[in-house]
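*Asks:* One structure coming up, written as structure tokens, with questions to follow.
What follows is calculated from the coordinates using simple rules that are stated; it is not laboratory data. Since we're looking at a predicted model, the values are computed, not measured. Heads up, the Cβs are rebuilt from the backbone with ideal geometry, glycines too, and the neighbour counts pull from every protein chain shown.
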Amino acid sequence: MEPFALIDELKTLAVNEDALAVNREVSDLKSRFDNLLLELERANQVAAMEAEINGDEFESIDIKAIKTAFYEIYLIYRDRRKEQASAKEVMENDNLRKKKALITKLKELIASEENIGAAVTAYKEIHENWKQIGDIPRDSRDDIQQEYSRVLEDFFYNIKIYRELKEHDLKRNAQLKRSIISQIGELLKLTVIKDIEQQLKLLQNDWDEIGPVQNEEWEAIKEDYWMNVKAVYSRINLFYEDRKQLLVEQLKLKQELVVQTTEFVNAIGENQTVKSWDELTASLLEFQERWKTIGFGPRKENEELWAQFRAHCDNFFQKKRAFYNVLQEKNKVLIQEKKRIITEAMQFKDSTDWKNASDKLIQLQRQWKNSGNTGQKTEQKLWQEFRSVCDSFFNAKQKHFEAQDKLLEDNLTAKEALIATIEKYELNPDKKQALQDLRNFSASFNEIGRVPMKAKDNIYSTYKAVLDKHYGQLKLEGDEKEKVMFQARIETLAASPEASKAFAREKASIRKEIDQLKQQVLQYENNMGFLSRSKSADLLRKDVEGKINLNKTKIDALIKKLKMIPNE
């Protein structure tokens with residue numbers, strides 16, 4: 001979620017007239033905002049470092065302005081909440097005093113009033129005043145309510161008002177109270193604790209307002225009532241205990257992750273490569289993703305752990321930055337070497353000595369390939385310049401030889417003869433030698449050269465079919481089969497008329513499959529964050545972990561395949 005969305009959400013909550021009613025939502029929103037701000041700072045640092053490494057311009061996110069915008073609203077809300085809390089405390093204490101006075105007055109009424117009509121009138125006035133009095137301090141609420149209920153019981157029983165009440169009124173009160181008891185029992189089926197608390201309070205108020213029931217039923221009804229009330233309170237208390245336990249468990253998971261991250265960063269040696277740094281970075285990002293999916297711990301401890309975790313991440317990227325600084329110096333030497341190759345290639349750009357110039361340019365291409373990568377910023381630009389020189393020559397050579405249909409026909413004849421040889425070939429019993437023979441066929445096929453345009457697709461399809469037949473007869477299993485068959489596929493694609501496009505399609509397909517597997521891993525990890533601690537949940541967690549490991553193994557295998565595909 002974007003920080004401005006959280007700021008808008010805070011604005012909506014902050015204008016609520018009852019600041020205390022939205023206190024929990026605002027506190028939760030503040031925690032999410034603080035965590036999001038930490039993530040933005042980390043992302044900002046990573047982006048800044050990568051921009052520095054790549055030599056790109058970087059526009060930093062104004063974290064301070066975002067934080068100021070949020071806390072300007074929050075501080076105004078916090079002050080208003082404190083004022084309302086203070087006013088509420090004064091009001092509740094005053095209400096408590098009023099209720100105690102009403103209880104005293106009701107006790108005096110019971111002790112002194114002999115006129116039942118006057119007593120009922122006085123009671124109604126007291127009870128109406130009681131209902132109009134607002135909330136009292138929470139720690140006194142149960143005691144005051146119980147005392148008031150007890151005095152009410154004394155009132156109704158002691159003045160023997162039941163003599164003048166109609167029997168059906170007593171039965172109706174019993175039915176209403178049983179209905180209240182039933183409704184309190186139904187609260188156990190609700191899932192939102194806040195709703196349970198609110199509805200329980202309303203039902204208890206309704207209970208006190210109903211009035212008396214038959215003496216012979218009262219004890220049983222009262223026992224059922226308090227039994228259900230206590231059951232609901234037990235559910236509420238259990239919820240908060242479980243929530244506290246969940247925070248502790250999530251804190252433990254984060255502590256374990258910090259230890260793992262510490263060991264991971266400290267274990268990074270000096271002899272690293274660009275490839276290994278990419279792999280290490282992927283691992284660290286995986287740690288960061290796991291951190292996000294774990295969930296919050298107790299606030300204070302969570303902030304301390306986050307500071308430790310972020311420090312280890314910063315240490316990792318400092319090491320990575322130092323590596324790339326050294327690599328940058330090495331790349332300067334490689335850049336000069338590749339510029340030398342480009343300069344030498346320019347000498348053959350317009351040559352018509354096809355054989356000699358081709359050999360020289362191919363030799364220079366091998367030098368280029370073996371010289372190493374100069375880095376993301378310069379490699380592609382230098383390669384385009386070098387390739388432009390080579391393409392200029394080879395395009396001219398192609399035009400020259402397009403007129404030599406005889407040569408193309410000879411190539412076609414040679415490829416047909418090679419296909420016939422491949423068809424007659426019997427696999428060597430030595431599997432290693434058989435593989436080498438098939439690869440030699442592929443190399444020979446690719447070396448023969450172009451054939452007439454009208455025959456290229458057919459000759460390639462025929463060649464691919466006979467070669468695939470031999471590969472299919474090899475007794476390969478498991479990873480060996482997977483590797484060999486994929487290598488054979490790459491070698492076969494290299495002989496296709498549209499090799500570059502075929503390689504591009506193959507890469508796109510593998511990358512799509514990798515993305516899908518990564519999404520599945522992320523979904524599995526998110527799902528694990530919602531599993532509770534139980535025997536059945538542990539079995540499910542073990543199953544999900546197995547699926548995650550299987551997908552990661554598949555991803556590693558696909559990455560290896562991706563690296564086997566040529567860049568041209």
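*Asks:* Give the distance, in whole Å, between the Cα centre of region 179-210 and the Cα centre of region 265-318.
*Replies:* 48 Å
*Asks:* I would also like to ask the following. Report the net charge of residues surrounding ILE144, where surrounding means a beta-carbon distance below 9 angstrom and charges are Lys +1, Arg +1, Asp -1, Glu -1. Can you show the working numbers first?
*Replies:* Numbers: positive: LYS99, LYS100, ARG141; negative: ASP142, ASP143, GLU147.
Around ILE144, the charge tally is 0.
*Asks:* Assigning unit charges at the beta carbon (Lys, Arg +1; Asp, Glu -1) and nothing else, what dipole magnitude in debye, to the nearest 20, does region 165-261 show about its Cα centre? Before the final figure, lay out each step's value.
*Replies:* Details: 15 positive and 17 negative charges, 76 e Å.
Using only the charged Cβ atoms, the result is roughly 360 debye.
*Asks:* Here's something else I'd like to know. As an exercise, identify the GluC sites (Glu not before Pro) in region 358-465 lying in DSSP coil whose Cβ has no more than 15 other Cβ atoms within 10 Å. Walk me through the numbers before you get to the answer.
*Replies:* Values: sites: GLU379, GLU385, GLU402, GLU409, GLU416, GLU423, GLU426, GLU447; in loops: GLU426.
Answer in residue order: GLU426.
*Asks:* What's the exposure ranking of LEU539, LEU257, LEU106, going from fewest to most Cβ atoms within 10 Å? Working shown, then result.
*Replies:* Numbers: LEU539 10, LEU257 17, LEU106 21.
Result, fewest neighbours first: LEU539, LEU257, LEU106.
*Asks:* Quickly work out the LYS131-to-THR293 label distance, labels modelled 7 Å from Cα along the C-beta direction, and quote it in nm with one decimal.
*Replies:* 5.5 nm
*Asks:* Here is a follow-up. Could you work out how far helix 405-424 tilts from the main Cα principal axis of the chain, as a 0 to 90 degree angle to the nearest 10?
*Replies:* The angle comes out near 70 degrees.
*Asks:* Another one. Using only the alpha-carbon atoms, how far is helix 23-54 inclined from the longest principal axis of the chain? Give it as 0 to 90 degrees, nearest 10.
*Replies:* Computed tilt is about 20 degrees.
*Asks:* Further question: With a Förster radius of 41 Å, plug the Cβ-Cβ distance of SER234 and GLU304 into 1/(1 + (r/R0)^6) and report the FRET value to the nearest 0.05.
*Replies:* Details: r = 34 Å, r/R0 = 0.82.
It comes to 0.75.
*Asks:* Can you find, among ASN35, GLN380, ASN526, the residue farthest towards the positive end of the dipole of the chain? Put +1 on the C-beta of Lys and Arg, -1 on that of Asp and Glu.
*Replies:* Selected residue: GLN380.
*Asks:* Using only helices, what value at 222 nm comes out for the chain when you add -39,500 (n - 2.57) per DSSP H run of length 4 or more and divide by the total residues, to the nearest 500 deg cm²/dmol?
*Replies:* Values: 18 runs with 472 residues, N = 568.
After summing the helix terms and dividing by the residues of the chain, the value is -29500 deg cm²/dmol.
*Asks:* For region 425-440, in order, what is each residue's ³J(HN,Hα) by Karplus, 6.51 cos²θ - 1.76 cosθ + 1.60 with θ = phi - 60°, in whole Hz (x at glycine and Pro)?
*Replies:* Working through the residues one at a time gives 5, 9, 4, 5, x, 6, 4, 4, 5, 5, 4, 5, 4, 5, 5, 5 Hz.
*Asks:* How much length is gained if the chain between GLN45 and LYS349 is pulled fully straight, taking 0.36 nm per residue apart and subtracting their Cα-Cα distance, in nm to one decimal? Don't skip to the answer; put the middle values down first.
*Replies:* Numbers: separation 304, 0.36 × 304 = 109.44 nm, distance 4.61 nm.
Full extension of this stretch gives 104.8 nm more.
*Asks:* Also, I was wondering about something else. Put +1 on the Cβ of each Lys and Arg and -1 on the Cβ of each Asp and Glu in region 268-369; which of GLN365, GLN308, MET346 then has its Cα farthest toward the positive end of the dipole?
*Replies:* Selected residue: MET346.
*Asks:* If you don't mind, another one. Counting other beta carbons within 10 Å of each Cβ, put VAL232, VAL46, VAL274 in order, fewest first.
*Replies:* Taking fewest neighbouring Cβ atoms as first place, the list is VAL274, VAL46, VAL232.
*Asks:* Looking at the chain, identify the longest residue range that excludes and avoids all trypsin sites (Lys or Arg not before Pro) in DSSP loops having at most 16 other Cβ atoms within 10 Å.
*Replies:* On the way: sites that count: LYS160, LYS166, LYS349, ARG450, LYS475, ARG533.
Looking at the chain, 167-348 is the longest stretch - no exposed trypsin sites (Lys or Arg not before Pro) with at most 16 other Cβ atoms within 10 Å.
*Asks:* Using only Cα atoms, tell me the angle between helix 535-564 and the longest principal axis of the chain; keep it within 0 to 90° and round to the nearest 10.
*Replies:* 20 degrees
*Asks:* Kindly put LEU188, LEU438, LEU36 in sequence by how many other C-beta atoms sit within 10 Å of each C-beta, fewest to most.
*Replies:* On the way: LEU188 12, LEU438 21, LEU36 17.
Result, fewest neighbours first: LEU188, LEU36, LEU438.
*Asks:* Net charge within 14 Å of THR273 by Cβ-Cβ distance, Lys/Arg positive one each and Asp/Glu negative one each, not counting THR273 itself? Kindly include the intermediate steps, with their values, before the conclusion.
*Replies:* Working: positive: LYS275, LYS319, LYS320, LYS330, LYS563; negative: GLU270, ASP278, GLU279.
Cβ neighbours under 14 Å give a net charge of +2.
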